[in-house]
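No lab work stands behind these numbers, since they all come straight from the coordinates. The structure presented is a predicted model; accordingly, all values stated were derived computationally and were not measured. We place every Cβ from the backbone using ideal geometry, glycine too, and count neighbours over all the protein chains shown.
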Amino acid sequence: MIDSGPVVDSIMARLAQNALDAYEVFYTSSKGLTLEIKDGVLDVFVAAENVGLSIRALKGQRLGFAYCTDLSPGAASDLVDRVVQGTSSTDPDPFVGFPSPSEKAQPLLEQFDCDLATIPVEKKIDRARSLESAARSSDQRIRKVRKAGYNETAGTVTICNHTGLKLSYEKTFVTGSVLVVAEDGEDAEMGWDYGFSPFFDQLDMEAIGATAARRAISMLGARPLTSMQVPAILPPWVASDVLQVLSACFMADNVQKGKSILAGRLGESIFSPHVTIVDDGLYSGGMASSPFDDEGSLHERSVLVSEGIVQGLLYDQYTANKENRHSTGNAGRRGITAPPTVQSTNFYIKSGSSHPDELLSSVDAGLMVTDIMGLHTADPISGDFSVGAAGLWIEKGETAFPVKGVAVSGNLVTLFAAVDGVGSDLKFYGPSGSPTLRVSDLNIAGCGS
């Protein structure tokens, strides 16, 4: 990867020569590798390297923004000219600003695998093969592996601004994912699993493959239900998906615009007392972990809901300026092509004390929801949702038979208010994580009454 120092220093020097009130340079570079195995043979091999930077500049409260992937001296000079010109074509905004250097030291995180670049590609291909093999060997009814993939990324981020802030970090990440098909006669069902780690040797491909196979096998023979309202168990992968939808409600920009169900509800007890929700940009091994956010504010741990009571929101510098408060370190970027906005980091429900088997055994009749489809359609303002679902019917504390062809409906606030049990098995699926949740009642729409 290109050394960011000379490039960033050169652009900062050019920016300083212009009559700007404030400016910032965001630089990122990465190397990636994607492998996919099909029937034991390497089917996809993609190696990529990306580098680029973006600039924000302020003059008279007018924001200019520009980005490029060409870091040659001529292109960099043109980029500075473009961002300066941009400050004359936007409307004034008194809340745009950049953070100053923190008095605290940059947090030290274990998130860079120094050995990753030296591990032979053949060994990485073998790891992807082991993922497919683990899925196939779990059960003879696993007839197809649609996708067995390995992905790695090694990247660098550097942020500088006019206040003297200059921060940088390196990060590696490896992931494994698999999608399988189980067949029994004319019946066919799919199962999946996913895992990640900053470190190559900590990614358990065999466990990922076995879990995907188990999920597919468990759904063979699925049937519909009649419509009813029953207790439900939400395992970590489902609860994490629901929580990810809820996370948008905690973004300060959505609350300030009145586009959140939490607008005006700080300090209220609106969720179950069993629910504590945390956003932690420093979580060990987290997908979204890094020492600082995408505009240079140090990451921190924010308790947003404590035992059901809404305690706080997530802020970047812009939304914090609107309320004359400090950023919570939640500025995020989806690459270099746009300025930062408020984003959650490692967003999760704190573990409880119950083993997930205890939660299951406590349900006399209900549904373990193993899949939810279309959750992105939930209304972010009202929190209402109605989505397709599949799962396992529970009788006398044990799973009895698989269920599909049903829908579940309700409200995000009502759902998390109905949580009456929290497992001890917190697991992340991407940047969102949750333990197993037991919900006192869930509306199920089936094939009749």
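Which one, Gly267, Val305, Ser289, projects farthest toward the positive side of the charge dipole computed for the range 267-350 from Cβ point charges (K/R +1, D/E -1)? My answer, from the dipole projection, is Ser289.
Axis of helix 205-218 versus longest Cα principal axis of the chain: the two differ by about 40°, to the nearest ten degrees.
Taking Cα centre as origin and charging only the Cβ of basic (Lys, Arg, +1) and acidic (Asp, Glu, -1) residues, the dipole magnitude of the range 222-449 rounds to 360 debye.
Computed on the range 222-449, the Cα convex hull volume stands at 119 Å³ per residue. Would you mind classifying the range 207-296 by shape? Square roots of the alpha carbon gyration tensor eigenvalues, ordered a ≥ b ≥ c; an a/c under 1.5 is rounded, otherwise it is prolate if a/b is larger than b/c and oblate if not. It is oblate, given that a/c is not under 1.5 and a/b is not larger than b/c. Each peptide in 86-98, 149-161 was scored by the mean count of other Cβ atoms within 10 Å over its residues; highest first, the order is 149-161, 86-98. Helix 4-16 axis versus longest C-alpha principal axis of the chain: approximately 50°, rounded to the nearest ten.
The orientation-averaged shadow of the Cα convex hull for the chain, equal to a quarter of the hull surface, comes to 23.1 nm². Relative to the longest principal axis of the Cα atoms of the chain, helix 121-138 runs at roughly 20 degrees. Against the compact-protein benchmark of 2.2 N^0.38 Å, the Cα-based radius of gyration of the range 4-216 scales to 1.39.
Each Lys and Arg Cβ is given +1 and each Asp and Glu Cβ -1; about its Cα centre, the chain then shows a dipole of about 560 debye.
Using the Cβ of Gly332 as centre and a radius below 11 Å, the other residues enclosed give a net charge of -2, where K and R count +1 and D and E count -1. Measuring nothing but how far apart in sequence close Cα pairs (under 8 Å, 6+ apart) lie, relative to its length, the chain scores a relative contact order of 15 percent.
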